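For reference, the structure is listed below as structure tokens.
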């Protein structure tokens, strides 16, 4: 039997990772889908846990062989995508697949599997709050922060394409809404 897809997307800094962690701990029968990436691992990233790190050439081979459920070339030769084998592995365990995808990837997957997926968009309360959160991370210089905020503003315009929009003003409330929505969907 095939399981269902839970797709979670958000602009960077909106709290997507926190919501996903809590969904994983909620006992809903979800397993996280590890994406493939053609970029090199960052410090502390582990192959097979954070991403499946493969070369751009290997990525293109997988595209040509139809081994990816969805993929994108984010920058030249920097690909991200979902391996079909990862989804099949999760389904064989009897679990449903939980995806952490950028907004475009989330919309693409939802279009491909409209009857088999629930898409959640984690929305920051405002762009000003998002900027505060990104500054608190201290991982961005002014130029990259500006680019992230511009991209976030653009991504927010696509939120209407998702099944459910959750405003992450208070994390506990956002997590509760996500758990309730996913639980209800999985029972349907």
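The values are calculated or read from the model by the stated rules, or taken from the named source; none is laboratory data. Model, not experiment: these values are computed from the prediction. Quick reminder, even Gly has a Cβ in these numbers, built from the backbone with ideal geometry, and neighbours come from all protein chains shown.
Could you tell me whether any residue of segment 118-128 is touching a residue at least 40 places away in the same chain (Cβ under 8 Å), under 30 Å from residue 29 (Cβ atoms), out of contact with any strand residue (DSSP E or B) (no Cβ under 6 Å at 6 or more places or on another chain) and not in a helix (DSSP H, G or I)? Give the derivation first.
To start, the set of residues in segment 118-128 that are touching a residue at least 40 places away in the same chain (Cβ under 8 Å) comprises 118-125.
Next cut, under 30 Å from residue 29 (Cβ atoms) only: 118-124.
Narrowing the set further to residues that are out of contact with any strand residue (DSSP E or B) (no Cβ under 6 Å at 6 or more places or on another chain) leaves 124.
Now restrict to residues that are not in a helix (DSSP H, G or I): 124.
Yes.
Which residue, of 58, 45, 86, is in a loop (DSSP other than H, G, I, E, B) and outside the structural domain of residue 179 (by TED's automatic domain parsing)?
Answer to the selection: 45.
Within segment 28-35, none of the residues are modelled with pLDDT under 95, in contact with a helix residue (DSSP H, G or I) (Cβ under 6 Å, 6 or more places away or on another chain) and either buried (at least 16 other Cβ atoms within 10 Å of the Cβ) or not in a loop (DSSP other than H, G, I, E, B) (or both). Of all residues in segment 148-179, those that are without any contact (Cβ under 8 Å) to a residue 40 or more places away in the chain, surrounded by 13 or more Cβ atoms within 10 Å (Cβ to Cβ) and either out of contact with any strand residue (DSSP E or B) (no Cβ under 8 Å at 6 or more places or on another chain) or part of a strand (DSSP E or B) (or both) total 2. When the residues of segment 129-143 are filtered to those that are touching a helix residue (DSSP H, G or I) at 6+ places or on another chain (Cβ under 9 Å) and in a helix (DSSP H, G or I), which remaining residue is nearest to residue 6 (Cα to Cα)? Among those that are touching a helix residue (DSSP H, G or I) at 6+ places or on another chain (Cβ under 9 Å) and in a helix (DSSP H, G or I), it is 130.
Tell me, yes or no, whether segment 131-149 has at least one residue that is in the same structural domain as residue 188 (by TED's automatic domain parsing), under 12 Å from residue 15 (Cβ atoms) and modelled with pLDDT of 95 or more. Among the residues of segment 131-149, not one is in the same structural domain as residue 188 (by TED's automatic domain parsing), under 12 Å from residue 15 (Cβ atoms) and modelled with pLDDT of 95 or more, which makes the answer no. Per the conditions (1) touching a residue at least 40 places away in the same chain (Cβ under 8 Å); (2) surrounded by fewer than 18 Cβ atoms within 10 Å (Cβ to Cβ); (3) not assigned by TED's automatic domain parsing to the domain that holds residue 107, the sole criterion not satisfied by residue 40 is (1).
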